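Worksheet: one structure, shown below.
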Amino acid sequence: MKTIAILGSTGSIGTQTLEVVRENKDIEVAALAAGSNITLLEQQIREFRPKLAAVWDGQKAKELEQRISDTGTEIAAGMDGLLAVACIPEAEILVTAIVGMIGIRPTIEAIKAGKNIALANKETLVTAGHIIMPLAKECGVSILPVDSEHSAIFQSLNGERHNRIAKILLTASGGPFRGRKREELKDIQVEDALKHPNWAMGQKITIDSSTLVNKGLEVMEAKWLFDVNPDRIQVVVQPQSIIHSMVEYEDGAVIAQLGTPDMKLPIQYALYYPNRRFLPGDRLDFWKLSQITFEKPDTDTFRGLALAYRAMQEGGSMPTVYNAANEKAVSLFLNRKIGYLEITEMIERCMDGHNVISSPSVDDILAVEREVYQRIESR
């Protein structure tokens with residue numbers, strides 16, 4: 001029997017993780033955490049009976065506590081609640097499916113508490129990879145990637161870890177605007193950007209996929225997860241989302257992981273690693289598929305990817321600027337306060353105005369995030 005805790009249980013990855021739990025009979029849920037969706041969280045509490053649940057919004061936490069007073073589940077709030085969920089003694093694996101840099105501190109404390117991390121929170125490694133990866137090694141815990149691309153790389157490394165990686169080939173669908181030029185993106189509306197061709201995801205990550213910022217974040221994450229230099233990470237557009245990523249070795253062999261676009265596969269793989277087990281769902285039919293195509297990403301039109309490589313090269317606190325500026329800009333776009341092309345323009349302006357801190361602490365990272373937010377708000 002495995003026991004897990006989930007940060008971000010009401011989001012896309014969180015709900016799919018609970019689908020995996022539901023389909024298997026040997027996983028228990030010790031703790032859940034959500035932002036403010038207490039209606040769904042209440043349903044999850046009643047179904048999975050966790051010992052603890054946390055809500056970021058304090059007022060919502062009080063309301064939930066009254067609603068589930070008959071269940072025996074304890075309710076916590078705010079950062080203290082997230083930390084309690086992350087470190088609950090009963091759980092052996094923490095699924096970090098929360099969005100944003102809010103996930104850094106809980107992840108660090110979970111590692112210190114000896115939890116293996118099923119990682120779906122990009123921002124943790126993008127901004128604090130220099131802290132997280134050495135700490136995980138020191139504490140003897142595993143960082144198990146949940147993103148489909150990083151899981152694909154992780155699977156392609158199985159049995160090959162003593163061999164030298166020549167290149168990581170990180171695949172991208174290209175998003176809903178693949179093939180368009182910058183001039184054609186001026187009047188893009190929120191509804192257009194939320195129409196991802198292959199994946200069903202939350203709003204923020206769907207917008208990020210359309211700008212290729214999501215792929216930029218994944219490149220940064222891959223650098224830390226697999227200990228490779230940025231110049232050995234190549235993004236390849238693969239529109240069908242069948243090849244989830246590949247690894248090229250120094251002898252020229254390329255090993256890839258293929259499958260249908262289903263996030264439950266990497267989630268289940270992380271929870272049961274190194275074992276595989278049956279997962280219901282569609283299977284690839286290569287006779288029907290007939291072909292898989294590849295393209296080079298257009299970094300002139302989709303500046304988010306080029307800016308990510310720049311952020312990695314400059315290092316230190318610059319990836320935090322990239323991430324924080326994007327978070328704020330996407331929020332403004334979703335609220336219809338800026339245009340689509342202004343997302344990457346804001347990121348670049350914030351990067352241009354930043355003096356890099358070479359080895360930022362967690363406090364430095366969070367301070368840089370606040371500075372970036374203030375810079376954009378006072379623009």
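The values are calculated or read from the model by the stated rules, or taken from the named source; none is laboratory data. Nothing here was measured: the structure is a model prediction, and the numbers come from that model. Counting neighbours? That spans all protein chains shown, and the Cβs are built from the backbone with ideal geometry, glycine included. The protein model used for the area step is the full one, side chains on, heavy atoms only, and it has no ligands, DNA or RNA in it. Shrake-Rupley method; radii C 1.70, N 1.55, O 1.52, S 1.80 Å.
How many residues does segment 343-371 hold that are buried (at least 18 other Cβ atoms within 10 Å of the Cβ), assigned to a helix (DSSP H, G or I) and not hydrophobic (A, V, I, L, M, F, W, C)?
First, pick out the residues of segment 343-371 that are buried (at least 18 other Cβ atoms within 10 Å of the Cβ): 343-344, 346-347, 350-351, 354, 360, 365-366, 368-369.
Next, only the ones that are assigned to a helix (DSSP H, G or I) stay: 343-344, 346-347, 350-351, 365-366, 368-369.
Now narrow it down to the ones that are not hydrophobic (A, V, I, L, M, F, W, C): 344, 369.
Qualifying residue count, segment 343-371: 2.
Would you call ILE188 over 15 Å from the mean Cα position of the chain (by Cα), at negative phi, buried (at least 24 other Cβ atoms within 10 Å of the Cβ) and outside any helix (DSSP H, G or I)? Show your work before the answer.
On the way: over 15 Å from the mean Cα position of the chain (by Cα): yes; at negative phi: yes; buried (at least 24 other Cβ atoms within 10 Å of the Cβ): no; outside any helix (DSSP H, G or I): yes.
So ILE188 fails the test.
Failed condition for TYR340, given (1) part of a helix (DSSP H, G or I); (2) in contact (Cβ under 8 Å) with a residue 24 or more places away in the chain; (3) aromatic (Phe, Trp, Tyr), with all others met?
Single failed check for TYR340: (1).
Only one of LYS204, LYS195 is touching a helix residue (DSSP H, G or I) at 6+ places or on another chain (Cβ under 6 Å) and open to solvent by 10 Å² or more (accessible area, probe 1.4 Å). Can you tell me which? Quick ask: steps written out before the conclusion?
Values: LYS195 fails: touching a helix residue (DSSP H, G or I) at 6+ places or on another chain (Cβ under 6 Å).
One residue alone meets the criteria, LYS204.
Just to confirm my filter: which helices (runs of 4 or more DSSP H) fall fully inside segment 249-324 and include at least 3 residues that are buried (at least 17 other Cβ atoms within 10 Å of the Cβ) and either on the phi < 0 side of the Ramachandran plot or of a type in the set (S, T, N, Q) (or both)? Even if it seems obvious, please write down each step before you answer.
Numbers: elements: 264-272, 286-289, 303-314.
Qualifying helices (runs of 4 or more DSSP H): 264-272, 303-314.
Scan segment 150-162 and give yes if some residue there is open to solvent by 10 Å² or more (accessible area, probe 1.4 Å), at pLDDT below 95 and farther than 18 Å from LEU258 by Cβ, otherwise no.
The answer is yes, given that some residue of segment 150-162 is open to solvent by 10 Å² or more (accessible area, probe 1.4 Å), at pLDDT below 95 and farther than 18 Å from LEU258 by Cβ.
Given the criteria free of Cβ contacts under 8 Å to residues at least 40 places away in the same chain and of a type in the set (Lys, Arg), does LYS195 qualify? Working first, answer last.
Details: free of Cβ contacts under 8 Å to residues at least 40 places away in the same chain: yes; of a type in the set (Lys, Arg): yes.
When the stated conditions are applied, LYS195 passes them.
Residues that are under 22 Å from the mean Cα position of the chain (by Cα) and farther than 30 Å from PHE278 by Cα: list the strands (runs of 3 or more DSSP E) wholly contained in segment 1-119 that include at least 2 such residues.
On the way: elements: 2-7, 27-34, 52-55, 74-77, 93-96, 116-119.
Once the strands (runs of 3 or more DSSP E) in segment 1-119 are filtered for at least 2 residues that are under 22 Å from the mean Cα position of the chain (by Cα) and farther than 30 Å from PHE278 by Cα, what remains is 52-55.
Determine which member of the set VAL99, VAL141 is under 23 Å from LYS264 (Cα atoms), surrounded by fewer than 24 Cβ atoms within 10 Å (Cβ to Cβ), modelled with pLDDT under 95 and in contact with a helix residue (DSSP H, G or I) (Cβ under 7 Å, 6 or more places away or on another chain). Before you say what the answer is, go through the steps one by one.
Working: VAL141 fails: modelled with pLDDT under 95.
One residue alone meets the criteria, VAL99.
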